[in-house]
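The values are calculated or read from the model by the stated rules, or taken from the named source; none is laboratory data. The structure displayed is predicted, hence computed values, not measured ones. Glycine gets a Cβ as well: all are built from the backbone with ideal geometry, and neighbour counts include every protein chain shown. Heads up: the accessible areas ignore ligands, DNA and RNA and are worked out on the full protein's heavy atoms, side chains in. Shrake-Rupley method; radii C 1.70, N 1.55, O 1.52, S 1.80 Å.
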Amino acid sequence: MSRGSDPQAVTDALAAAVDAFNEEGHGIPTREDSIDSDADWKTQLTKACRLLAAIEHIAGEGFYTATIELCFGATERSVEAYALAEGGDELDDFHDHTTCYERASDLGLLSEPTTRDLRELYDTNRTDSYYGGRRPTERQAESMQQLARSVHEYVTDQIREGGVCVCNSIDA
């Protein structure tokens, strides 16, 4: 199939998305206010805050797949924030979705059995809920929400430079 036979709506939307990410031709971009970009660890931590806010916003509405996806993202961003803040890691060190768990163990944030379980939870269930034929359940979404919130709060408490988490100050 040649590019010329692709639907115009798709190619136009693709071009607009590429332009948006390249920040071309639309003046000063409107950025998400609650994301702190002073340092990579602050960016990751506040992205986790925003993902958790989105989860709270859709809670109870039956969006189990979205909740699970956002929870895995919030957990990952939270742990990455710790590794960036306390471990001297660079953002480029996190080339996949499970490196953060290895670093959490290496840095003593969480034990090896816990990080292994987190990594296994991700490898088995995130992949299956995303690519597999299973339909996520309310219980899975709720338990993932509790896990993401617990990890985020724990990580936030462990980062020496406090006052960055915006979870309690943002409107969902």
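General remarks:
- Residue count for the range 92-113 under the criterion of being open to solvent by less than 60 Å² (accessible area, probe 1.4 Å) and either in a helix (DSSP H, G or I) or touching a strand residue (DSSP E or B) at 6+ places or on another chain (Cβ under 7 Å) (or both): the result is 6.
- The one condition from (1) part of a helix (DSSP H, G or I); (2) among the small types (Gly, Ala, Ser); (3) at pLDDT below 95 that Ala74 does not meet is (3).
- Scan of the range 11-38 for residues that are among the acidic types (Asp, Glu), assigned to a helix (DSSP H, G or I) and open to solvent by 70 Å² or more (accessible area, probe 1.4 Å), ordered by number: Asp12
- If you go through the range 70-91 and pick out every residue that is within 14 Å of the chain's Cα centre (by Cα) and open to solvent by less than 50 Å² (accessible area, probe 1.4 Å), you end up with 12.
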